[in-house]
Each structure stands twice: as structure tokens, then as C-alpha cells.
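First up is the structure itself, then whatever we jot down about it.
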Amino acid sequence: INAEWPLRPGRNLEAKPYTISVVLQNKFEASESSEPSGRINLADYNDILHSAVENVRVKDNNAYLAWGGEEAQDTADTPDSYKVYISEVGTSDGRSYLGLSTEMEYAIDVDNTASLKHFTEYYFQVVPVKNGKEGLYSKPLLVRTQPAVPATPLITAFNYTTVPGEIIVSFDRKWSISGGIIKEFEIFYARNTSDYNIGTKQGVLSRKRRQSQGSVTADSAAVNIRISDLNPGEPYIFSMLTVNELGLQSEKSEATAAKTQTGLPGVPTITNRDGSGRDAILVKWSAPTITNGQIMGYYVYYRLDNSFNDVAARVTAPFNKLYQNVTGLEEGFTYELAVSAFTEEGEGEKSSWEEARTRPKSVP
């Protein structure tokens, strides 16, 4: 068995020569005394008194230590410096040297020390040094370092759906930076009033106000988050953060601006189709009830009835015209026709297909 016991000069021993023997004791009896050691002159330690670690603050991989110095009455015996050691609890690695403070300083900053792990228990000890010799180690102080804070995610893109006021936020998870096991992500959103211009959405029916601000969470496997029921066609600002399994949050990402879509227009309704022409059919329709913005025009699709594929030709009608004469058709054939509306954000759904027949050739 190799063991060490600190002898503390100034506490219960005088700084003068001693011999030392060891006796082992169990619950029943004691062993014989060991042979006395050679004379050990504790005065060689220059009456350096041990120091008690009073405070240890650890953030990430940085440590700040402070301790109480016990100055000897004789200034010649004042320590030249102090050394700081740590040992990880539960390991047999022994003490690790952290750093050295200068004379009469009872604090030390230990920056970016690789030996410090996150959320780990350590014993911190301080030992005074005089003339290159170490004094007695302080009583170990048990300290648990802080857990790592997750890295801040980065918003990378915004995507849209056909649902008005719905947006999909994509982000970089920043897996390469340590921060423990990720529990969830949270995205915050708020209407950007600095970029809001009321009355810019022409042709939008009046509707109740939707969400102006809030947050949405997603689990650790997410790479994007869908946010619904925002105000269509309005600017928002978005930011997000990461939460790890210990409940620690990363810093919020920088605010990123995006504008929600108003959504695609509704479906027109065909009201009449006239095939009285030999090679033409006149189609009439009514505008969609919900426009989701200013309608820019209409597409009129046509194809032969019972065709073997769904390919259809189309012609374009202006926004202020609710009819179209489809020409260049075959005489005496049945056609299927459909109409859709489009805005600056895209084309809406087609109407149901309606049949009409061109006038056949007259018999001489």
C-alpha cells in the first residue's frame, strides 16, 4: 500500500526535526510500529502554511480559482507563488497541473484547459511554492463543471406551400459543435411591423387576423419546421435556438426576415360552353370566390374527349375577361374544357372538366 498523509506545520506540529513511524490499525488491534524514518526537518518547508480553496467558478472549459493565503509572520517565508492542481473524481489519473499564480496573488484564471470536461466533478487543490519547493496541498474542494451549452442553429431557407400564411423554415443544426444530446429546436416568429404596408394586398377578401407572434418546437431529428396560420402576404422575422437534454438553451440565432405567401387563387366555375361553331367552342366562367391576391389572368384548357392521355392544350385569357373562344378545333368532335386562375404567386386549381361538341360538317 502506498499512501500519503499531509503533515501540516503551524497546525499541530512545530517546524523542527522529526522522525516518523507508521502503525496500521484495524477494528481489533494495531500492528507493530514501523522503523523510524530519518530525521525530517519540517523547517525545510519554510513554514509555508497550507491554503484553503475558497471559490472555483467554471464556465465551459475555463476555470477561475480563488483561495485564502495564510501569510507567515516573517515576510521572508511568504510563498513565491501558488500552484493549482485538479483530479477528476472517480478516476485514478492522479493530479493534473493547471497553472501557476504569481507572488501574493490568491486567484488564477485557467483558460481553455483541455483537461476540464463539461458536467464533470473535480477536486481542486492549491499548493504554495517557496524557493522551488512545494508546500502542503490544500484540502480538496469538490466542484462540478458546467454542462456544455448547445451551439446556435442557423436558419438557411424558407419554403412555401399552397396554404395561405404557411411557411417552412429550414435550418443548419450545427451538429459539429458539442453541446450534449439535443432535445428539441424552437423557432420564434413575430410580424415585422417595420416592413408592414397596409393595403398592399389587392383582391384579398377580408378575413380575421391570424397569429402575429409566437413559437413552434420540433424534436431533435428535425431539419425544418412548418409554421401555419400566419398572416398571409405579410413580413415576419424569425429566429431560433437549440435545447439539450439538460434543458440548457443555445443563444438565439440572428433574426431573419421572410414574407408569407397569400396563397393561390380559388377555382373558377364554368357557366356555359357553346359549340355552335364548326371549329370553335365559346367558354364562359365566373371568377373564383377567394382570390388570395390580384388575379392576373386565366388559363383555358381543352382536349379531345376520351383521349388516351391527360395532355391538354391551353390558351390564356386576360384577368378582366370571363370568356374565351377556343378555335382551331376539329368539326364534329367532343372536347373537354377546364379553367384556372393565376396570380403573381402561381396558378390555382383547375375547374372540373366540362364537355362541348363542335358543329359537324354540313351534308350537301
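The values are calculated or read from the model by the stated rules, or taken from the named source; none is laboratory data. Bear in mind that the values here come from a model prediction, so they are computed numbers and not experimental data. In this analysis, Cβ positions are derived from the backbone assuming ideal geometry, glycine residues included, and neighbour counts consider all displayed protein chains. Accessible surface areas use protein heavy atoms only, side chains included; no ligands, DNA or RNA. Shrake-Rupley method; radii C 1.70, N 1.55, O 1.52, S 1.80 Å.
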Carbon and sulfur atoms: what percent of the 1.4 Å accessible area of the range 238-364 do they account for? 48
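Beyond 18 Å between alpha-carbons counts as too far, so tell me which of 183/252; 174/252; 117/139; 83/139 fall in that bin. All intermediate terms of the calculation are to be shown ahead of the outcome.
Numbers: 183/252 16 Å; 174/252 13 Å; 117/139 22 Å; 83/139 14 Å.
Flagged as over cut-off: 117/139.
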What residues from the range 261-298 fall in the zone where the backbone N is under 18 Å from a label point 7 Å along the Cα-to-C-beta line of residue 211? 261-263
How much of residue 117 can a 1.4 Å solvent probe reach, expressed as accessible area in Å² and rounded to 10? 100
Would you list 361, 133 from the most to the least accessible area, probe 1.4 Å? 361, 133
Report the FRET efficiency, 1/(1 + (r/R0)^6), for residue 221 and residue 315, where r is their Cβ-Cβ distance and R0 is 45 Å, rounded to 0.05. 0.40
Per the Cα gyration tensor, the range 218-364 corresponds to an equivalent ellipsoid with semi-axes, largest first in Å, of 49, 17, 10
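Could you sort 88, 355 by their accessible area in this structure, using a 1.4 Å probe and putting the largest first?
On the way: 88 45, 355 95 Å².
Largest to smallest exposure gives the sequence 355, 88.
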Can you give the accessible area of residue 245 in Å² (nearest 10), computed on protein heavy atoms with a 1.4 Å probe? 110
Can you work out D for the range 228-302 in µm² s⁻¹ from Stokes-Einstein, where Rh is the Kirkwood radius over C-alpha pairs, the temperature is 37 °C and the viscosity is 0.692 mPa s? 191
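Averaging over all projection directions, find the projected area of the Cα convex hull of the range 306-364 and quote it in nm² with one decimal place. Let's see the in-between values first.
Values: hull surface 22.4 nm².
Reported value for the Cα convex hull: 5.6 nm².
Within 10 Å of each candidate Cβ there may be at most 11 other Cβ atoms; applying that plus a DSSP loop requirement, which chymotrypsin sites (Phe, Trp or Tyr not before Pro) in the range 273-364 survive?
Working: sites: 285, 298, 299, 301, 302, 308, 319, 323, 333, 335, 342, 353; in loops: 308, 319, 333, 353.
The qualifying sites are 308.
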Measure of exposure for residue 226: accessible area at 1.4 Å probe, Å² rounded to 10, is 130
